[in-house]
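Here is the structure we will look at, set down as structure tokens.
We did not get these values from a lab; they are worked out from the coordinates using the rules stated. Just so we're clear, the structure is a prediction, and the values are computed from it rather than from any experiment. Heads up, the Cβs are rebuilt from the backbone with ideal geometry, glycines too, and the neighbour counts pull from every protein chain shown.
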Amino acid sequence: MGEKVLEVISLRVYYDLPQGTVRAVDDVSLDVRRREVIGIAGESGSGKSTLALAITGLLRPPAKVVSGKVLFNGVDILRLSEDELRRIRGRKIGVIFQDPNTYLNPIYTSGFQVAEVFEAHRGIHAKKYLNEVVKLFRLVKIADPERRVYAYPHQLSGGMKQRVLISMAIAERPDLIVADEPTSALDVTIQSEIMDLLAEIREETNTSIVMITHDLALLFEVADRVAIMYAGKLVELGRASDLIKDPLHPYTKALLSILRYERKKKLTSIPGSIPSLINPPPGCRFHPRCPYAFSKCSKIEPKAVNIDGRLVACHLVGGSE
Amino acid sequence: MSSVLNAINLRKYFRITTGLLGGRKYVRAVDGVTLDLLEGEVLALVGESGSGKSTLGRILVGLQRPDEGEVLYRGINIYSSGNSVSKKLRHRIQAVFQNPDSSLNPRMQIYDILKEAVLTRNPSLSDREVIEEIIKLLRSVGLVEDHIFKYPHELSGGEKQRIAIARALAVAPEVLIADEVVSALDISVRAQVMNVLMDVKEKYKLSMVFITHDMGLVWSISDRVAVMYLGKLVELGPTEEIFKEPLHPYTKMLLVSSPAAASATASKDLRFRARGEPPSPINPPKGCKFITRCPIAGSECSITEPELMEISRDRMVSCLKVLKI
């Protein structure tokens, strides 16, 4: 087991909105070790993207950190100034988001924008770095890199633009890459290529990857460990292979049975819908939709217990037994 | 089994202008597709974005007149009369699309949305009968009367998609074209809506074209699969056979690349793991259009474009390498 690159400790991030306080991330703890791919899975409104923003120091009002720490190589990201953050983000922590169009400037060439990453961190004009960018493009398998560095974003396909973003994220060989839905906007065929690429980059650069997605089938294929989030809470965290074989939390169980597509049978569904995070259900937040819920579940919030290295927050598991 | 819908040699090219003096070029969105929808079946239409599957869906439902070819509904050409499809035929073929926000009027209550549809089919209904009909529709998609006076924005994504399904059912169609109906929904809700869709399919005896990129859903609900690549059908056959033994290298690529299909398919040949992206549909390669990504392409593939050929009962494929054997 490698050293810890990132430690999230009892993190609470709330949004103050006119309608009330959204408890988007509510007492979440997890750690990421060197060279590990950790997957964070959840549906919309689970808090997974807020967690990603917290890890990368990108939280902005109305989001506020109520309590907790995000230790990156021992330093609390949440206490750093914007200047200090900028020195870490892009250099020590690479970030990849879902929609490359939002992050690429349409009026600059893709190569120049990647070179700007070097300029920002090393202070020499971007043009000096074009050779390094060509090398990076080659690393992320952009065909014909010498020509492509001069291509504008609109001249590239969606998969290609995502490769440009990945090359930006890995430009300074970061210790950690945070990828929030990196392939959700892409076709499965392109998706599998990008995933293969991230796996190769991990091999070559020893970086750790936090991968956030709603695509569970994909996550279980690529992640070493998987954290399952529901309504702002982390409900289960463990090795991907253990979770698949023997999911403990009823929500994990339900999600995995949805993924076991059976021929011409009804799909397993979870009744009800995802709760509002302004007024989450009392006790266990999953209890209104849980087939195993009993009286305790609507009253007392289950604490995460450690079972053979796996964390589970459910009254049915450990604890009372 | 008789067929409800026959698509015959459909072509739809979209003209685009490139640059000031660029001249005219064409995107061959649908490029000679012939396909039957059998009575009571679920036909899955799969392919990457840009494969033309959505354009084909729009042609089948009567929303996009093809440049060439015809769509026969029980033998009647739906595009024969003037510019628009006749109302009566339009009711027989309905569609549900991916994004309910763009298909439900935000200023109308659910009652008005469904009333409009109910009255189109039967304008002589009394107010009371309309309400009864609406409640019946809501129940058949798993919703309750409480939803009747809500606006679309008061509903969750899954509920909105159920309303879209209810509205399609209101005119008592026989064919439903479902284009990525659950792709925008969360996984736990997706299963609910899929189950509703399959329930109403049985109850209303629908034949369905299910357009999707989710190979797991294809396995779970479809009877046959049609695979499209750059505007053409490249493989067609019964779902179980296609998952057990895909023939076209592109079908193999789709199955091997899709984590959701992993448990269902016997195809594990990693040679077919995806590589490259589809070429531009404006300038497709000569010969077989898949040649730029195909791991088994030979020199003959760049010369002759393969045709879709029947290679065994119910199975068609267009690949020179497969046909030669």
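Given contacts defined as C-alpha pairs under 8 Å and at least six residues apart, what's the relative contact order of chain B, whole-number percent? Walk me through the intermediate numbers first.
Details: 619 pairs, mean separation 61.1, N = 325.
Relative contact order of chain B: 19 percent.
Roughly how large, in nm² to one decimal, is the mean projection of the convex hull of the alpha-carbon atoms in chain A?
Numbers: hull surface 72.2 nm².
Taking a quarter of the hull surface, the average projection is 18.1 nm².
Please report the base-10 log of the normalised intensity I(q)/I(0) for the protein assembly as shown, using a Debye sum with one equal scatterer per alpha carbon and no solvent, at each q in 0.06, 0.08, 0.09 (1/Å).
Result of the Debye calculation: -0.37, -0.66, -0.84.
Across the stretch B:100-168, what fraction of all alpha-carbon pairs, as a whole percent, falls in each successive 10 Å bin from zero upward?
Cα pair-distance distribution for the stretch B:100-168, in percent: 23, 59, 18, 1.
Report the equivalent ellipsoid semi-axes for the stretch B:168-309 in whole Å, largest first, defined as the square roots of five times the eigenvalues of the gyration tensor built from alpha carbon atoms.
Details: eigenvalues 192, 60, 38 Å².
For the stretch B:168-309, the semi-axes come out at 31, 17, 14 Å.
Between the alpha-carbon centers of the stretch A:145-218 and the stretch B:251-286, tell me the distance in whole angstrom.
Taking the Cα centre of each part, the stretch A:145-218 and the stretch B:251-286 sit 19 Å apart.
Helix B:110-121 versus the longest principal axis of chain B: what angle, 0 to 90°, nearest 10, using Cα atoms?
80 degrees
If I take every Cα pair under 8 Å that is 6 or more residues apart in the stretch A:144-209, average their sequence separation and divide by the length, what percent do I get for the relative contact order?
On the way: 30 pairs, mean separation 23.9, N = 66.
Taking the mean separation of contacting Cα pairs over the length of the stretch A:144-209, I get 36 percent.
Averaging over every viewing direction, what projected area does the convex hull of the Cα atoms of the stretch A:59-188 cover, in nm²?
Taking the Cα atoms of the stretch A:59-188, their convex hull projects to 9.1 nm² on average.
Compute the separation of the alpha-carbon centres of the stretch A:48-102 and the stretch B:131-180 and state it in Å as a whole number.
Each part reduced to its Cα centre gives a spacing of 42 Å.
Please tell me which of these pairs span more than 20 angstrom C-alpha to C-alpha: A:Lys265/B:Lys53; A:Lys245/A:Lys303; B:Lys25/B:Lys232; A:Lys48/B:Lys150; A:Lys141/A:Lys161; B:Lys115/B:Lys150?
On the way: A:Lys265/B:Lys53 26 Å; A:Lys245/A:Lys303 23 Å; B:Lys25/B:Lys232 18 Å; A:Lys48/B:Lys150 30 Å; A:Lys141/A:Lys161 12 Å; B:Lys115/B:Lys150 14 Å.
Check vs 20 Å cut-off fails for A:Lys265/B:Lys53; A:Lys245/A:Lys303; A:Lys48/B:Lys150.
Taking a ≥ b ≥ c as the square roots of the Cα gyration tensor eigenvalues, with a/c under 1.5 meaning rounded and otherwise prolate when a/b beats b/c, else oblate, which class fits the stretch A:1-108? Don't jump to the answer; show the numbers that get you there.
On the way: a/c = 1.38, a/b = 1.04, b/c = 1.33.
Rounded, because the longest to shortest axis ratio a/c is under 1.5.
Only helices at least 15 Å long along their axis, Cα-based, and averaging -1.0 or more on Kyte-Doolittle count here, so list those DSSP H runs from chain A.
Numbers: long enough: A:110-122 (19 Å, -0.14); A:158-170 (18 Å, 0.70); A:188-205 (25 Å, 0.07).
Span-like helices, by this rule, are A:110-122, A:158-170, A:188-205.
Of the peptides B:60-70, B:137-147, how do they stack up when ordered by the mean number of other Cβ atoms within 10 Å, highest first? List each step's numbers first, then the result.
Values: B:60-70: 18.6, B:137-147: 16.7.
Final packing ranking: B:60-70, B:137-147.
Taking the Cα atoms only, what angle lies between the long axis of helix B:157-170 and the longest principal axis of chain B, rounded to 10 degrees?
It is inclined by approximately 80 degrees.
Divide the volume of the convex hull of the Cα atoms of chain B by its number of residues and quote the answer in cubic angstrom per residue.
154 Å³
Run through all the Cα pairs of the stretch A:126-211 and give the fraction in each 10 Å bin from 0, expressed as whole percent.
The calculated distribution, bin by bin, is 17, 52, 30, 2.
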